[in-house]
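Throughout, read-outs are computed from the coordinates displayed, never taken from laboratory work. Keep in mind that this is a model prediction, so the values were computed, not measured. Here the Cβ positions follow ideal geometry from the backbone for every residue, glycine too, while neighbour counts run over all protein chains shown.
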Amino acid sequence: MEFTLDGKTYLAIRYKLRAWLKLDAVREKLVDAIDAKDIDGVATSLCSFVSIASNVSDVDKLPWYEIAHAFIAVEYENKLNFDFALLRTSKKKPDIPAWDYQGRQWYWWHNILSSKYGWSSEYIAEMDIDDATGLLQEIMIDEQLEREWEWSLTEIAYPYNATTKQSNFKPLERPEWMMITLPENRPKIPIVRIRKDMMPVGMVIRGKSHETPVN
């Protein structure tokens with residue numbers, strides 16, 4: 001997909017992981033500015049996004065429609081092909097911890113993927129964004145299920161209920177993205193009758209009931 005800036009045509013490309021994360025950080029600022037109805041913040045984020053994607057400075061001096069078209073073109077080319085649950089969280093953290101900072105996303109992804117697979121920084125930086133996101137989600141699922149298993153072996157997982165006078169299992173809380181249900185409009189597997197020539201041969205004998213008759 002192409003876009004034009006100041007009379008020059010550019011081709012929107014699909015970025016690898018590290019470059020994609022850099023754009024994603026700007027995209028998050030854009031979303032925050034839209035939510036806050038911060039017009040100046042929206043304009044600044046759009047210009048920054050297009051400047052990074054095109055390597056063109058002074059984007060803010062160009063016509064707004066060129067900037068908007070360039071943003072749409074780059075955003076379209078860099079959409080994930082899969083609807084990963086990991087990225088469908090909606091809650092915002094009320095406070096940003098001191099150890100969080102602009103650009104930390106790359107080091108967070110790098111730390112997890114390199115620790116799990118032993119890949120080099122150069123290899124991870126050039127990963128396809130769908131592959132990287134899918135693998136990251138699988139790593140986090142494995143870690144969560146492992147924590148749930150370890151939790152189930154502890155006494156605190158079975159709090160005592162004074163009303164029932166029993167200890168009931170209390171599951172470990174899962175992150176929000178693991179609790180999101182699948183959309184109901186997903187295509188359902190059709191029910192198909194088995195052809196007569198494919199039916200099992202022989203008589204069908206039902207098992208007897210094991211219930212004890214009441215006298």
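Observations on the structure shown:
- Only helical runs count toward this figure. For the chain, summing -39,500 (n - 2.57) over DSSP H runs of n ≥ 4 and dividing by all residues gives -14500 deg cm²/dmol at 222 nm.
- Computed from the C-beta positions of LYS170 and SER120, the FRET efficiency with R₀ = 35 Å rounds to 0.25.
- Label positions at PHE82 and GLU150, each projected 7 Å from the Cα along the C-beta direction, are separated by 2.6 nm.
- For VAL31 and MET1, the difference between the fully extended length at 0.36 nm per residue and the C-alpha to C-alpha distance is 8.5 nm.
- Residues whose amide H lies under 5 Å from that of TYR158, counting only those 5 or more places away or on a different chain, are LYS170; hydrogens are built 1.01 Å from N in the peptide plane.
- Under a 5 Å amide H cut-off, with hydrogens placed 1.01 Å from N, LEU5 pairs with TYR10 among residues at least 5 apart or on other chains.
- With all projection directions averaged, the alpha carbon convex hull of the chain covers 25.3 nm².
- Here the relative contact order of the chain, from alpha carbon pairs under 8 Å that lie six or more residues apart, stands at 20 percent.
- For region 1-79, the tally of Lys pairs with Cα-Cα distances below 25 Å comes to 14, considering only residues 8 or more apart or on different chains.
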